[in-house]
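Worksheet: one structure, shown below.
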Amino acid sequence: MAIAGVISLILLGLMGTPLFVVMLALGLVLFIGAGIEGSAVPVEMYRLASAPTLTSIPLFTLAGLMMARSKTPDRLLAFFEASLGRFPGGVSFISLVLCAFFTAFTGASGVTILALGGLLLPLLIKEGMKDNFALGLVTTAGAVGLLFAPSLPLILYGIVGKVDIEKLFLAGIVPGIIFILIYTVWAVKNAPTRQREAFSWKKVKESSWNARFELPLPILVLAGIYGGVVTVTEAAALTSFYVFVMEFFLYRDLRLDKDLVSLFSESAMLVGAILIILCSAMGVTSYLIDEEIPMKLLEFMQQWITNKYLFLLGLNVFLLIVGCLMDVFSAIIVVVPLILPMADVFGINPIHMAIIFLANLEIGFITPPVGINLFISSFRFGKPMLELYRSVWPFVLISFIALMLITYIPALSLFWFDL
């Protein structure tokens, strides 16, 4: 009966049934099939929802949406363009940094593409980039911020994997920079040769003054956390309040009577969707742990894999597939409890494991045929999927360079810590 139910649910998923419905039903079917009451699923949902650090997710999301809805992207773009636009590939680097900033705060690469795509794609084409290259860069840039604080996937991984979130924030900095630099090098190689405007200190000073409230924000968040002044949750609350005051009262880009309700509504829908997916996936995760599936997988793998380097190679292949097929939040809930015991046996540091995991999912977002960023870009720019595939393949291939460096050089993630 249980096997028939699982097969039916998988077929429903392939037919387009929402993933959270399939995951929730699958958890119930598996528990009932094992002779355990279905109430185990809502119990696990409550356990996840009651995690104190989870409060930071809606707060950081709200802050990111307020900035995306305002003129903050224009001000930051003007500052970076004045500072770096004269260099070959400078506009591409600016696009990557700007997208990383917003994805880190919203936690959703799709929101970044929808909010900034219309601003960045014409800018890249105006710079002389080929249409396909510019499209691939914007689609790729949407996922870059997953490794930077205060990325919501980093927070969630810390909760699920029981890893110090503050350490994860530090560990993601260098790997995230590596992705940006590799994409930038590729952009420089593809940058057209043209006459560029002379550098102007006047424009830099003017644009930095216009963005004076946004520019210190990442530094304030990190300094507050690592200076021991605030916890991650307190930093999220302060960030949300700071951005609220900045956008509604200092810049006055947003209005209380017009924008506040819609912002709260949009934030609630985005976070609600994330939490529904997370809670629905918890039932499946709990069943897998109760049935000791991770240990059984480990015993099976040890027959074929004898060292951590082979394990890491196989893990990368597996996670790239997961990143193509599942959203990052479901993947963290379902897959992390499965792989952590194996990583521990092979002597892989849990912080390093977290960065490997998220780096793979970042690449999975842009990997054909079903990477989520491809669908979002296709919708946002009105481009056919085959054109998106052609646009992103070079970025997918060079992403593997960054992935190999991050995977096989643990010091890139761990040099901050005395381990």
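Side notes on the structure shown:
- Test result for LEU419, at negative phi, over 20 Å from the mean Cα position of the chain (by Cα), modelled with pLDDT under 85 and outside the structural domain of LEU275 (by TED's automatic domain parsing): yes
- Residue in the stretch 158-171 that is buried (at least 24 other Cβ atoms within 10 Å of the Cβ), touching a residue at least 40 places away in the same chain (Cβ under 8 Å) and under 17 Å from CYS99 (Cα atoms) present: no
- Checked against (1) outside any helix (DSSP H, G or I); (2) in contact with a helix residue (DSSP H, G or I) (Cβ under 8 Å, 6 or more places away or on another chain), VAL174 passes all but a single condition, namely (1).
- Residue match in the stretch 396-414 (condition: more than 27 Å from VAL334 (Cα to Cα), in the same structural domain as LYS167 (by TED's automatic domain parsing) and not in a helix (DSSP H, G or I)): no
- Subset of the stretch 241-274 (residues that are surrounded by 15 or more Cβ atoms within 10 Å (Cβ to Cβ) and at pLDDT 85 or above): TYR242, VAL243, PHE244, MET246, GLU247, PHE248, TYR251, ASP253, LEU254, ASP259, LEU263
- Which listed residue, of LEU374, LEU310, LEU340, LEU361, is touching a residue at least 12 places away in the same chain (Cβ under 8 Å), of a type outside the set (S, T, N, Q) and more than 18 Å from ILE165 (Cβ to Cβ): LEU374
- The stretch 325-361, residues that are among the aromatic types (Phe, Trp, Tyr) and surrounded by fewer than 19 Cβ atoms within 10 Å (Cβ to Cβ): none
- For ILE406, the conditions (1) crowded, with 16+ Cβ neighbours inside 10 Å; (2) under 20 Å from LEU121 (Cα atoms) all hold with the exception of (2).
- Answer from LEU238, LEU222, LEU217 - the residue that is crowded, with 16+ Cβ neighbours inside 10 Å, at pLDDT below 85 and within 19 Å of THR103 (Cα to Cα): LEU222
- Applying the set (1) under 30 Å from LEU388 (Cα atoms); (2) modelled with pLDDT under 90 to VAL204 leaves exactly one unmet item: (1).
- Qualifying residue in the stretch 182-192 (condition: under 19 Å from SER413 (Cα atoms) and of a type in the set (A, V, I, L, M, F, W, C)): yes
- Scope the stretch 128-151; condition farther than 30 Å from THR55 by Cβ, modelled with pLDDT under 85 and either in contact with a strand residue (DSSP E or B) (Cβ under 8 Å, 6 or more places away or on another chain) or buried (at least 21 other Cβ atoms within 10 Å of the Cβ) (or both); matching residues: MET129
- Residue in the stretch 254-262 that is closer than 28 Å to GLY85 by Cβ, of a type in the set (D, E, K, R) and in contact (Cβ under 8 Å) with a residue 24 or more places away in the chain present: no
- Pick from the stretch 53-112, criterion part of a helix (DSSP H, G or I) and among the charged types (D, E, K, R), ranking: surrounded by the most Cβ atoms within 10 Å (Cβ to Cβ): ARG75
- Number of positions in the stretch 362-386 that are part of a helix (DSSP H, G or I) and crowded, with 16+ Cβ neighbours inside 10 Å: 11
- Only a single item in (1) farther than 21 Å from LEU65 by Cβ; (2) modelled with pLDDT of 90 or more; (3) touching a Lys or Arg at 6+ places or on another chain (Cβ under 7 Å); (4) of a type outside the set (Asp, Glu) is not met by PHE199, and it is number (2).
- Checking each residue in the stretch 325-361 for being of a type in the set (Asp, Glu) and part of a helix (DSSP H, G or I) picks out only ASP344.
- Screening the stretch 300-324 for residues that are under 19 Å from PRO368 (Cα atoms) and exposed (fewer than 15 other Cβ atoms within 10 Å of the Cβ) and picking the one that is modelled with the lowest pLDDT gives ILE321.
- Odd one out for ILE355, checked against (1) within 20 Å of VAL144 (Cα to Cα); (2) at pLDDT below 90: (2)
The values are calculated or read from the model by the stated rules, or taken from the named source; none is laboratory data. Note that the coordinates shown come from a computational prediction; the quantities given were computed from them, not determined experimentally. All Cβ positions, glycine included, derive from the backbone under ideal geometry; neighbour counts span all protein chains shown.
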